[in-house]
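First the structure, in the form of structure tokens, and then the observations on it.
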Amino acid sequence: MKKILAIIILVIVLLFASWYATVYFATYSEGVRSGELIKFSNKGILFKTWEGEISQGISGAQIFSFSVEGKNETVIKKLEKFQGRYVKLKYKERFATISWLGDSKYFVIDVEEEESPHFRK
């Protein structure tokens, strides 16, 4: 009986580990999006995560929500600096969300400030 219980627990642990490895390391897609950075905050009670939004339209009708991993401090500092400005985000999309990493499947890996197409000089 103990051997069967140990095998069941081992199988459950291995399934969870393979699910986590797939979600964390495998990338569903990669891309770039541009817009005005309208929100960036560190939120959560049990797990503090960095969450943000960019507006991709003039009226704010198209909102792109994203997360940033806490270990990516250079991106966090840039996003705090670029608040309210037009930015270009390079991101990777994961297969699923992981609550202790972020609320979104989209994780920003780089950010650049851009000139807004709405207010050209």
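What follows draws every value from the coordinates through simple rules; no lab data is involved. None of the values given here were measured: they were computed from a predicted structure. A quick note on method: Cβ atoms are made from the backbone with ideal geometry, for glycine too, and the neighbour counts reach across all protein chains shown.
Fewest neighbouring Cβ atoms within 10 Å first, the residues Thr49, Thr74, Thr27 line up as Thr74, Thr27, Thr49.
For region 10-62, the Kirkwood estimate of hydrodynamic radius, built from reciprocal distances between every pair of different alpha carbons, is 14.5 Å.
Report relative contact order for region 39-121 in percent, whole number only (criteria: Cα-Cα under 8 Å, sequence separation at least 6). Please list the in-between numbers first.
Details: 146 pairs, mean separation 24.2, N = 83.
Relative contact order comes out at 29 percent.
Note down the magnitude of the dipole of region 44-121 about its Cα centre, charges +1 on Lys and Arg C-beta and -1 on Asp and Glu C-beta and zero elsewhere, to the nearest 20 debye.
Working: 13 positive and 12 negative charges, 22 e Å.
With only Lys, Arg, Asp and Glu charged at Cβ, the dipole is about 100 debye.
The Cα center of region 22-40 and the Cα center of region 54-104 differ in position by 7 Å.
Relative intensity of the chain on a log10 scale, I(q)/I(0) at q = 0.12, 0.16, 0.18, 0.22 Å⁻¹, equals -0.51, -0.78, -0.92, -1.23, per a Debye sum over C-alpha point scatterers of equal strength in the absence of solvent.
Taking other C-beta atoms within 10 angstrom as a stand-in for reagent exposure, Val23, Val75 fall in the order Val23, Val75, fewest first. Rounded to the nearest 20 debye, the dipole size of region 25-80 about its Cα centre is 120 debye, using +1 on the Cβ of Lys and Arg and -1 on the Cβ of Asp and Glu.
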